């Protein structure tokens with residue numbers, strides 16, 4: 001269910017001061033802004049101030065806008081460490097930190113998750129997901145113990161390929177989980193067939209990765225002017241069109257585009273403000289990409 005959407009200024013598009021749209025996490029009712037931040041790629045840097053300065057700027061703008069959810073993983077080389085180093089105490093108070101466990105075996109999983117918490121400087125993490133379903137039952141057993149003990153607030157599973165959607169569906173059908181993370185975009189709509197409806201049915205929040213198909217969607221509209229109809233749902237860029245397409249699906253809780261560029265972040269956040277496309281407008285977006 002869509003929770004908050006400021007309406008002022010719609011005639012001229014959604015402004016930067018307009019509140020971000022939020023969605024409720026089904027298992028708790030907690031509100032979360034529909035646009036989050038991924039760390040794969042941009043946050044995989046070293047200790048150089050020159051490398052980290054743009055990321056600090058991104059985080060400052062992210063929290064200033066009212067955004068909260070940041071997704072990371074031990075799979076993303078230095079991302080957890082860099083994020084933990086850059087988050088200030090004030091940011092920690094507002095952040096919703098989501099990481100993953102990506103290893104085999106109970107002991108290795110416990111050690112990895114403990115290390116993630118240390119790197120992120122967070123004694124209690126908001127969400128831990130079994131990354132790409134690796135050693136699923138072992139890690140879920142530990143995660144349930146951690147949740148009961150208060151070491152993590154939410155638990156879930158992830159994958160990033162269409163081929164894994166059926167596996168994700170089987171897992172959320174049989175397991176009691178808070179979150180599922182999957183790929184979904186205006187160019188790759190397979191999740192609409194079974195996974196997203198099932199998540200709604202099962203009361204599972206949905207995080208969406210690869211919203212731009214690693215840049216492929218921008219290539220497909222390269223040289224095309226932004227259609228006039230984009231203004232009907234307050235989109236001022238192709239990126240916002242693509243994000244609003246995803247956010248318009250009622251099963252989607254939060255989208256996590258990764259960026260280390262504050263200009264791109266600002267544009268992404270615009271995808272979480274103002275009006276969202278209706279069914280007809282969503283079909284226009286698909287057609288603009290050359291879809292069927």
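On full extension, the segment bounded by residue 286 and residue 214 gains 24.2 nm, given 0.36 nm per residue less the C-alpha separation. Across region 126-259, the relative contact order, built from alpha-carbon pairs under 8 Å that are at least six residues apart, equals 21 percent.
Return the FRET efficiency for the residue pair residue 56, residue 279: r is the Cβ-Cβ distance, R0 is 30 Å, and the value is rounded to the nearest 0.05. Calculated transfer efficiency: 0.15.
Fully extending the segment from residue 173 to residue 263, taken as 0.36 nm per residue of separation minus the present Cα-Cα distance, adds 28.4 nm. Rounded, prolate or oblate for region 79-207? Axes are the square roots of the Cα gyration tensor eigenvalues, ordered a ≥ b ≥ c, and the cut-off for rounded is a/c under 1.5. Prolate. The Cα-based radius of gyration of the chain, divided by its Kirkwood radius, gives an Rg/Rh of 0.95. Entry note, region 76-137: relative contact order of 42 percent, from Cα contacts under 8 Å with a spacing of 6+ residues.
Label positions at residue 118 and residue 94, each projected 7 Å from the Cα along the C-beta direction, are separated by 3.0 nm. Compared with the dominant Cα axis of the chain, that is its longest principal axis, helix 49-64 is turned about 70°.
With viscosity set to 0.692 mPa s and temperature to 37 °C, compute the Stokes-Einstein D of region 123-167, Rh being the Kirkwood radius across alpha carbon pairs; µm²/s, no decimals. Answer, rounded: 297 µm²/s. Among 187, 156, 29, whose mean-square fluctuation peaks in a Gaussian network model of the chain (Cα, cutoff 10 Å)? In the Gaussian network model the winner is 29. With the alpha-carbon atoms of region 14-60 aligned to their principal axes, the span from lowest to highest coordinate is 40, 29, 14 Å, starting with the largest. Taking all Cα pairs closer than 8 Å and separated by 6 or more residues, the relative contact order of the chain comes to 23 percent.
Under the classification rounded if a/c is under 1.5, otherwise prolate if a/b is larger than b/c and oblate if not, where does region 12-125 fall, given a ≥ b ≥ c as square roots of the Cα gyration tensor eigenvalues? Each step should come with its number before you reach the end.
Values: a/c = 2.21, a/b = 1.32, b/c = 1.67.
Oblate, since a/c reaches 1.5 and b/c is not below a/b.
Bear in mind that the values in this text are calculations on the coordinates, not laboratory data. Quick caveat, the model's predicted, so the values are computed rather than measured. Positions of Cβ are generated from backbone atoms using ideal geometry, with glycine treated the same way; all protein chains shown enter the neighbour counts.
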